[in-house]
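Structure first, commentary second.
The values are calculated or read from the model by the stated rules, or taken from the named source; none is laboratory data. Bear in mind the structure is a predicted one, so any value in this text is a computation, not a measurement. Positions of Cβ are generated from backbone atoms using ideal geometry, with glycine treated the same way; all protein chains shown enter the neighbour counts. Surface areas here come from the heavy atoms of the whole protein model, side chains and all, with no ligands, DNA or RNA. Shrake-Rupley method; radii C 1.70, N 1.55, O 1.52, S 1.80 Å.
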Amino acid sequence: DADPETWDPTAPVLDVAVVPGGDRTLVATTTGLLAAEAPGEPLRPVAGINGEVSSVIVTKSAEGTQQIVAVEPSRGLVRLDAALSVLSRTEQPGVRYLVADAESSAFAALPSGVRSAVTGKFLAGEGRQLALATSDSRLLLLDLDDGSVRFDAQWPAIEHLASGDSDGDGRDELAVGWESQVALLGASPSSKTAANPDRSR
């Protein structure tokens, strides 16, 4: 196998995103947003963004065009087009991370108190949800359309989340990691791991 492509951003890396359908890689660092146009090409600063960038995602606008969204913790959200030109900035104090929904144009801007976040179709119905593991030991499911709380549970030491349809039933299962354990919520009984089944309150 070929050796993996590596870059040296010269500043601590906080997040990485790859633009679908192309070779461009985006790297969020403590000193700005960098972009490599193709494997083997150097990382170059993105014009118009100076200072720390804590998160970056690639998603679609409401019109269906590709857009890039990044977090400047000192300022808020910045939106860029496919050519990496700044389109707009939105002040959102306290935002630290971004998570995009793979099935829609929705994305969530999250504070530093969120340890992990994923999206998926976890509940019955047509909608999709945002799952959050928080630093105050809570597991939350929020409706992606209106932000309403659909599930709220205490889960001591909750740290990691992942999602996917592991049993092929059309609904996503939610993997929850805490301490030295993992539970798979929403799966058929044969594929669940041992965990307390009643975490809701």
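Okay, residues lined up against (1) in contact (Cβ under 8 Å) with a residue 12 or more places away in the chain; (2) within 29 Å of Leu174 (Cβ to Cβ); (3) under 19 Å from the mean Cα position of the chain (by Cα):
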{"site": "Thr31", "(1), (2), (3)": "yes, no, no"}
{"site": "Arg44", "(1), (2), (3)": "no, no, no"}
{"site": "Asn50", "(1), (2), (3)": "yes, no, no"}
{"site": "Gln66", "(1), (2), (3)": "yes, yes, yes"}
{"site": "Val71", "(1), (2), (3)": "yes, yes, yes"}
{"site": "Leu84", "(1), (2), (3)": "yes, no, no"}
{"site": "Gln92", "(1), (2), (3)": "yes, yes, yes"}
{"site": "Ser105", "(1), (2), (3)": "yes, yes, yes"}
{"site": "Thr134", "(1), (2), (3)": "yes, yes, yes"}
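Here the strands (runs of 3 or more DSSP E) wholly within the stretch 1-100 that include at least 1 residues being out of contact with any Pro (no Cβ under 9 Å at 6 or more places or on another chain), open to solvent by 30 Å² or more (accessible area, probe 1.4 Å) and under 21 Å from Leu130 (Cβ atoms) are 13-18, 55-60, 76-80, 86-90, 95-100.
Search the stretch 111-125 for residues being among the hydrophobic types (A, V, I, L, M, F, W, C) and under 9 Å from the mean Cα position of the chain (by Cα), and hand back the single one that is nearest to Ser74 (Cα to Cα). Step through it out loud before you land on a result.
Of the stretch 111-125, the ones among the hydrophobic types (A, V, I, L, M, F, W, C) are 114, 117-118, 122-124.
Of the ones still in play, those that are also under 9 Å from the mean Cα position of the chain (by Cα) are 117-118.
Working: Ala117: 22, Val118: 25 Å.
Applying the filter and picking the extreme gives Ala117.
The set of residues in the stretch 68-118 that are farther than 27 Å from Gly177 by Cα and among the β-branched types (Val, Ile, Thr) comprises Ile68, Val69, Val78, Val86, Thr90. Selection over the stretch 13-29 of residues that are under 13 Å from Ile49 (Cβ atoms) and over 14 Å from the mean Cα position of the chain (by Cα) gives a count of 3. Could you check the stretch 101-128 and list, in sequence order, the residues that are over 21 Å from Ala157 (Cα atoms), assigned to a strand (DSSP E or B) and of a type outside the set (A, V, I, L, M, F, W, C)? Answer for the stretch 101-128, where residues must be over 21 Å from Ala157 (Cα atoms), assigned to a strand (DSSP E or B) and of a type outside the set (A, V, I, L, M, F, W, C): just Gly120.
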